[in-house]
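Before any comments, here is the structure.
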Number of protein chains: 2
Amino acid sequence: MTSLQRVHGQAVVLSQIIADKVGLSPSDLECLGFLSHGGPVTAGRLGELTGLTSGAVTRMIDRLEGRKYVRRRADPNDRRRVMVEFIPARAKELEPFYGPMGNGSDEWLAQYTEKELALFVEFFSGMFEWGREQTVRVQALPAKPKRKKKA
Amino acid sequence: MTSLQRVHGQAVVLSQIIADKVGLSPSDLECLGFLSHGGPVTAGRLGELTGLTSGAVTRMIDRLEGRKYVRRRADPNDRRRVMVEFIPARAKELEPFYGPMGNGSDEWLAQYTEKELALFVEFFSGMFEWGREQTVRVQALPAKPKRKKKA
DNA sequence: CTCATTATCTGCGCCGCGCAGGTAATCACT
DNA sequence: AGTGATTACCTGCGCGGCGCAGATAATGAG
């Protein structure tokens, strides 16, 4: 499965390239990706998704909001919360980067049968689940050998 | 294929977690991963692989060398070059993180047939190739809309 | 009304990174 | 061999994202 690792490493580099073409950080971009597909979320949830602290998330939202990529909205049910909402109009600026990917990949995926594609999806789901277990496991590890208690 | 994106995002987060457990940056870790599997490489090559500039690579090697993860070696054929070499003895410190992954994934992969696994590998190879095309395409894009000439 | 908890924001310092310039080795050409 | 261009890496500098700790506001429990 080292072939998958290569794909991953490549994806990281590609994300980085796109990020500074757009003028954002990879984290910001990943966050935008989630918002554009997943609908409005709270700031805290974004922190969980990206693995950032609350402070870092606040700053990230500041940046994205400053550039009009997202909007802060109050949650009527809990006024402590801040709902972050993607501004669809800005999606056009990301289009040149991600648009062709969608089209190109559709075309490329066409070489596989429905059955095979379903198998891939299942495979990825399993991998996601596996990844989650790994995350939990790693979180519990003793941390760095350098002096410094725990988290 | 959004399911794959989720896996990717997750992998990024996981990398980050491991990185600061070990006390390194994700870049450093990715670099180590490559060195441990791919053998000695030049500093410049590492820059290409990680997408970093020469200065950043130098600093990265400094960090890794300072913590005895790698060693600088002169290239006898071209004394300008610096070969970076992984120190296998340090691999044990990474074992707790990556070791169980290898075992766990083997076990998990066992549920698929040889044929299916071959199909996955082919799929990833194709994806890698596709990713390379995307990288080239994106590199050629007009860059950020904010004022700032070009690269 | 008071205390604890939750969700987000702010001040501070660290550190990785790009950029621009520097040094040393190598190559191309005469 | 000598001269200039190129290549490969290193160094000084400033920017910006991030974690940490504490502040603020809203909610819930009694």
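Readers should treat all values here as calculations from the given coordinates under stated rules, not as data from a laboratory. Since this is a predicted model, take the numbers as computed values, not measurements. Here Cβ is always computed from backbone atoms with ideal geometry, including for glycine, and neighbour counts include all displayed protein chains.
Could you please let me know if A:VAL138 is at the interface with chain B (Cβ under 9 Å from one of its Cβ atoms), in contact with a Lys or Arg (Cβ under 8 Å, 6 or more places away or on another chain) and surrounded by 14 or more Cβ atoms within 10 Å (Cβ to Cβ)? Show your work before the answer.
Numbers: at the interface with chain B (Cβ under 9 Å from one of its Cβ atoms): yes; in contact with a Lys or Arg (Cβ under 8 Å, 6 or more places away or on another chain): yes; surrounded by 14 or more Cβ atoms within 10 Å (Cβ to Cβ): yes.
So A:VAL138 fits the description; yes.
Given the conditions (1) within 7 Å of DNA strand D (Cβ to nearest atom); (2) under 30 Å from B:THR135 (Cβ atoms), which single one is not true for A:LEU32?
Looking at each condition in turn, A:LEU32 falls short on (1).
Identify the residue in the range B:37-50 that is within 16 Å of DNA strand C (Cβ to nearest atom) and surrounded by fewer than 16 Cβ atoms within 10 Å (Cβ to Cβ) and, among all such residues, is farthest from B:ARG71 (Cα to Cα).
Here is the first cut: in the range B:37-50, the residues within 16 Å of DNA strand C (Cβ to nearest atom) are B:42-50.
From what is left, the residues that are surrounded by fewer than 16 Cβ atoms within 10 Å (Cβ to Cβ) are B:44, B:48.
On the way: B:GLY44: 15, B:GLU48: 19 Å.
In this case the residue turns out to be B:GLU48.
Scan (1) facing chain B (nearest Cβ under 9 Å); (2) closer than 19 Å to B:GLY9 by Cα for the single condition A:MET60 breaks and write down its number.
(1)
In the range A:99-119, what count of residues is obtained for those that are more than 10 Å from every other protein chain (Cβ to nearest Cβ) and surrounded by 15 or more Cβ atoms within 10 Å (Cβ to Cβ)?
Looking only at that region, the number is 0.
Report whether or not A:ARG79 is within 12 Å of DNA strand D (Cβ to nearest atom), of a type in the set (D, E, K, R), farther than 26 Å from B:THR53 by Cα and within 12 Å of chain B (Cβ to nearest Cβ).
no
For the range A:86-98, give me the residue count where each residue is surrounded by 14 or more Cβ atoms within 10 Å (Cβ to Cβ) and either within 11 Å of DNA strand D (Cβ to nearest atom) or among the charged types (D, E, K, R) (or both).
2
Tell me yes or no: at least one residue of the range A:114-123 is more than 16 Å from DNA strand D (Cβ to nearest atom), closer than 28 Å to A:VAL136 by Cβ and in contact with a Phe, Trp or Tyr (Cβ under 7 Å, 6 or more places away or on another chain).
yes
Looking at (1) polar (S, T, N, Q); (2) surrounded by fewer than 15 Cβ atoms within 10 Å (Cβ to Cβ); (3) over 28 Å from B:GLY51 (Cα atoms), which is the only condition A:THR53 fails?
Among (1) polar (S, T, N, Q); (2) surrounded by fewer than 15 Cβ atoms within 10 Å (Cβ to Cβ); (3) over 28 Å from B:GLY51 (Cα atoms), the lone unmet condition for A:THR53 is (3).
Please enumerate the residues belonging to the range A:56-82 that are surrounded by 15 or more Cβ atoms within 10 Å (Cβ to Cβ) and more than 10 Å from DNA strand C (Cβ to nearest atom).
Of everything in the range A:56-82, those that are surrounded by 15 or more Cβ atoms within 10 Å (Cβ to Cβ) and more than 10 Å from DNA strand C (Cβ to nearest atom) turn out to be A:ARG63, A:LEU64, A:ARG67, A:TYR69, A:VAL70.
For residues that are more than 7 Å from chain A (Cβ to nearest Cβ) and touching a Leu at 6+ places or on another chain (Cβ under 7 Å), scanning just the range B:11-31, find the one that is nearest to DNA strand C (Cβ to nearest atom).
B:SER27
In the range B:63-99, how many residues are more than 24 Å from B:LEU14 (Cα to Cα) and touching a residue at least 24 places away in the same chain (Cβ under 8 Å)?
Here the count works out to 7.
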